[in-house]
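Accompanying notes for the structure given below.
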Amino acid sequence: IGREAQVERAMEQMGVAKGSLEIINARVSDNNPLYTDMLYARLQRDGYLKRDAQRLVNQDRNVFGCCMLKNGDADGMVTGVTRNYDVALNDSLLVLDPIPGQAVIGMSMVINRGRTVFIADTSVTELPQGEDLANIAMESARAVRSLGFSPRVAFLSYSTFGNPMGERGEKVREAVAILDSMGGIDFEYEGDMSADVALNPSHKLLYPFSRLTGPANVLVMPAIHAASISTKLLESMSRATVIGPMLLGLEKPVQIASLGATVGDIVNLATIAAFDVDHVHGS
């Protein structure tokens, strides 16, 4: 989605043949009236006039792209790079809904020395409550299993099994209690615990009652600050490869690249979006 002349000029510089890509200019698309009516019907009781919906469709590429997804004119979308993550996410939520019964979260994949760990929520919920953390765990476990891993979820905190006590740690313990009360949870989970206890198998000797049968491979953070800071530290100060945040839980596959994302980051997110189309949404 973009201006034909600019995209074609970039294609020419890269040696990509014209006609090998479909370029859609949102301002002149024949689908604008259809998308405008669709968006207005969705937003009219939220204070939007029809001209507001028309302006969004004509001028906001994220809204236009999500309208394509909603109408079945595209399968997945990758956006971001030049816009703040939150702005791109809010644009998408104007058009798309969460999958019923699921939470919208961000999950990052960290690969280091042959080991893969998933961290959530890295991009959506700033200060999750106990119920939010439980939902983050369930959504993360579902996604990790679809990627071929057996999820072992650790709810991380500065505390380990109640020591020391504190407000954030209490939210984490509440999440564990919520999963306990639900019954039928089909993945391993445990908490509250510090990161070293979750990842180091030798600590199992100190806490033999832990329900995890091995080191955790899904780390649910107590807040977005901890999740975002930890993934960026790993990426900047070690040889770890960080993929994501991967956006999970929307009714259509949307991935948002962070500001300053590299070409490799964008390719990874496009691959995840394509995987999402094939394996999650059953296309």
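Throughout, read-outs are computed from the coordinates displayed, never taken from laboratory work. Because the structure is a prediction, the values reported are computed rather than measured. Positions of Cβ are generated from backbone atoms using ideal geometry, with glycine treated the same way; all protein chains shown enter the neighbour counts.
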If neighbour count is taken as other Cβ atoms inside 10 Å, put Glu126, Glu170 in order from fewest to most.
Glu126, Glu170
Cα principal axis extents for the range 125-223, largest first, Å
35, 31, 24
In degrees, nearest ten, helix 50-59 long axis to first principal axis of the chain (Cα)
90
Could you give each residue of the range 251-260 its phi-based ³J(HN,Hα) in whole Hz, using Karplus coefficients 6.51, -1.76, 1.60 with θ = phi - 60°, and x for Gly or Pro?
5, 10, x, 10, 10, 10, 7, 6, 4, x
About its Cα centre, what dipole magnitude does the range 1-128 give when the only charges are +1 on Lys and Arg Cβ and -1 on Asp and Glu Cβ, stated in debye to the nearest 20?
160
State, as an integer percentage, the relative contact order of the chain based on alpha-carbon contacts under 8 Å between residues 6 or more apart.
23
P(r) of the range 170-232 over all Cα-Cα pairs, binned every 5 Å from zero, in whole percent:
3, 15, 26, 24, 20, 10, 2
Dividing the alpha-carbon Rg of the chain by 2.2 N^0.38 Å yields what?
1.11
I need the calculated FRET efficiency for the pair Ile185 and Thr241, taking r as the beta carbon distance and R₀ as 41 Å, to the nearest 0.05.
0.85
Beta bridge orientation in the range 125-223: antiparallel %, DSSP, nearest 5
10
Given an 8 Å cut-off on Cα distances and at least 6 residues of separation, report the relative contact order of the range 125-223 as a percent.
40
Along the charge dipole of the range 125-223, Cβ charges K/R +1 and D/E -1, which of Pro201, Ser159, Gly130 sits furthest on the positive end?
Pro201
Near Lys50, which lysines are there with a Cα under 25 Å away, not counting those fewer than 8 places off in the same chain?
Lys70, Lys252
Net dipole in debye of the range 72-225 [+1 Lys, Arg Cβ; -1 Asp, Glu Cβ; about Cα centre; nearest 20]
720
How would you rank Thr271, Thr36, Thr82, going from fewest to most other Cβ atoms within 10 Å of each one's own Cβ?
Thr82, Thr271, Thr36
With contacts defined as alpha carbon pairs under 8 Å and 6 or more residues apart, what's the relative contact order of the range 6-98 in percent?
22
Quick one: dipole size for the chain, taken about the Cα centre, charges +1 on Lys/Arg Cβ and -1 on Asp/Glu Cβ, in debye to the nearest 20.
460
Rounded to the nearest 5, the percent of antiparallel DSSP beta bridges in the chain equals 50
Order these peptides, 250-256, 15-21, by their mean beta-carbon neighbour count within 10 angstrom, highest first.
250-256, 15-21
When Met109, Met77, Met237 are ranked with the fewest other C-beta atoms within 10 Å first, the list becomes Met237, Met109, Met77
Kirkwood hydrodynamic radius of the range 1-160 from all distinct Cα pairs, in Å?
18.6
Rounded to the nearest whole number, the per residue volume of the convex hull around the C-alpha atoms of the range 143-187 in Å³ is 85
Those trypsin sites (Lys or Arg not before Pro) in the range 110-162 that DSSP places in a loop and that have at most 10 other beta carbons within 10 Å:
Arg113
